[in-house]
Amino acid sequence: MGTTLAFIPDTSPVRNISNKTRTTKAMSRLIVPAILLFFAATTAVTSAAQTQTKANSTFGLEPLWATQVDPRWRPGDSVGDVEDGITAEFVEFSADGKLLITGNGLGEAFVLNASNGAVEQRFSYITEQDLAGRTEFDISGGKTKGMEVECGAFTPDGRFVVLGGNLNGVKVFDLRNGSLVRHIKVAEEVDGLGISPDGRFFAHAAPMSAQVYHLPHWNPVASVRHGDKEGVTNSIDFTPDAGLMVSAGNYGHVILTRTPDWRQVGDGLIPKTSSIKSVRFSPDTRLVAAGYGGADCAAVYRTKDMSLLKHLPLFYIEAVAWTSDGRFLMAGGRDEQGCIRVFRMSDWQLAGAPKVQADRSNIEYIDVHGERVAVAGEDAHVRLYRVQ
């Protein structure tokens, strides 16, 4: 908005002085106030602009509710990267945003009411009896992590919930009656899974690959390779039209796959790579964000050719997620502060670092629905926030 300077003529009586003197004094009366007014207006505009810029760069989260899903957690028990099996490893919204699915380190999964965090349903993914005969636990954290439910999602039609974990493959439950309708055995940890928004495809982590099925009949359709060495897939995401799938894990490459023919069409890589814990398409699908563990960073790739757009040095990153409007990228992990780092996409500057976990606990997962942000982590809570 422009600034108008009002010049008010001097109408005071003129005493017996020369015309030149009268003119000079009259001009002074006009110019001095005008200069003062100009500087005052300029300062006000500058101050307002600075205030607006500061407001635009500040990202905040308003707490809505918190639900503890692992009863073993106590304040002060879970700090930093302690792997004691007390955790909430994931949280995902239903398609309509009314429900959330999460799990704990005791083999249990829960459907939560998104309005207040109340438990609506409970599912048993794995029990102590399931592990009774096992003598080897070739997973991160060993036996203490054996009963963790690592990932889960609702089918878009709201009929089923799909769960994966360290030692019991993939289980599909009917939300109408809670019954187990399918159990897919997997000879490796299932740290990640994904369901396309249109409900056509389901993909889950497997040894050196992502295995893809066509829904609703769960027919295998593709195996997307992730290297030729031992390792697992940690995260999978689809574009809204299900035309592309992105997957990543211990292989350290961000694999972009075209779903009509399941051909690999992109490979994102940073110079110093490591296991990738999370990958997400931006809302407009033009970008892919990836969170790296050992490489202590987040990276952003251009979907069209998987070229590296931005490298963000941070710490051990477990989760990345975009805000629904695509203006901000959120990243969380093992910062020993319990804070999400939020970057503004327009210039990749840090826009905020709100604390979202108790006791400086690790952030394990972030999901978004509209203005709401759900967070899960090693304080064994699911917490819901609203973007301010």
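The values are calculated or read from the model by the stated rules, or taken from the named source; none is laboratory data. Predicted model only: the values in this text are computed from it and were never measured. We place every Cβ from the backbone using ideal geometry, glycine too, and count neighbours over all the protein chains shown. Just the protein is used for accessible areas: all its heavy atoms, side chains included, with ligands, DNA and RNA removed. Shrake-Rupley method; radii C 1.70, N 1.55, O 1.52, S 1.80 Å.
Test R258 against the criterion of being surrounded by 13 or more Cβ atoms within 10 Å (Cβ to Cβ) and free of Cβ contacts under 8 Å to residues at least 24 places away in the same chain, and give yes or no. Write out each step before concluding.
Values: surrounded by 13 or more Cβ atoms within 10 Å (Cβ to Cβ): yes; free of Cβ contacts under 8 Å to residues at least 24 places away in the same chain: yes.
The answer is yes for R258.
Going through (1) in a loop (DSSP other than H, G, I, E, B); (2) open to solvent by 20 Å² or more (accessible area, probe 1.4 Å) one by one, M306 falls short only on (2).
For segment 121-129, the condition of being modelled with pLDDT of 90 or more, crowded, with 23+ Cβ neighbours inside 10 Å and within 26 Å of D335 (Cβ to Cβ) holds for none of the residues.
When G199 is tested against (1) assigned to a strand (DSSP E or B); (2) over 20 Å from A298 (Cβ atoms), exactly one condition is not met: (1).
Filter segment 315-354 for residues that are among the hydroxyl-bearing types (S, T, Y) and farther than 12 Å from I366 by Cα and give the result. Full working, then the answer.
Let us first name the residues in segment 315-354 that are among the hydroxyl-bearing types (S, T, Y), namely 316, 323-324, 346.
Y316, S324, S346, listed by residue number.
Which residues, counting only those in segment 142-161, are more than 20 Å from the chain's Cα centre (by Cα) and among the aliphatic types (A, V, I, L, M)? Passing the criteria: M147, V161.
Considering only residues in segment 94-117 that are within 16 Å of the chain's Cα centre (by Cα) and farther than 30 Å from Q129 by Cα, the one that is surrounded by the most Cβ atoms within 10 Å (Cβ to Cβ) turns out to be S94.
Only one of these is under 25 Å from V111 (Cβ atoms) and either touching a strand residue (DSSP E or B) at 6+ places or on another chain (Cβ under 7 Å) or open to solvent by less than 20 Å² (accessible area, probe 1.4 Å) (or both): E371, E336. Name it.
On the way: E336 fails: under 25 Å from V111 (Cβ atoms).
None of the other options fit; the residue is E371.
Only one residue in D237, D241, D228 is under 26 Å from R122 (Cα atoms), of a type in the set (D, E) and either in a strand (DSSP E or B) or open to solvent by 10 Å² or more (accessible area, probe 1.4 Å) (or both). Which one? Only one candidate passes the filter, namely D237.
Do the conditions hold for V300, that is, is it under 15 Å from the mean Cα position of the chain (by Cα), over 21 Å from M208 (Cα atoms) and crowded, with 22+ Cβ neighbours inside 10 Å?
Details: under 15 Å from the mean Cα position of the chain (by Cα): yes; over 21 Å from M208 (Cα atoms): yes; crowded, with 22+ Cβ neighbours inside 10 Å: no.
No.
Conditions first: (1) assigned to a strand (DSSP E or B); (2) over 26 Å from L256 (Cβ atoms). D359 passes all but one, so which condition is the exception? For D359, the exception is condition (1).
For segment 151-165, enumerate the residues that are touching a residue at least 40 places away in the same chain (Cβ under 8 Å) and hydrophobic (A, V, I, L, M, F, W, C). Explain how you work it out, then say what you get.
In the first step, residues of segment 151-165 are kept if they are touching a residue at least 40 places away in the same chain (Cβ under 8 Å); the result is 151-158, 161-165.
Those that are touching a residue at least 40 places away in the same chain (Cβ under 8 Å) and hydrophobic (A, V, I, L, M, F, W, C): C151, A153, F154, V161, V162, L163.
Among the residues of segment 79-93, the one identified as open to solvent by 10 Å² or more (accessible area, probe 1.4 Å), assigned to a loop (DSSP other than H, G, I, E, B) and modelled with pLDDT of 95 or more is E89.
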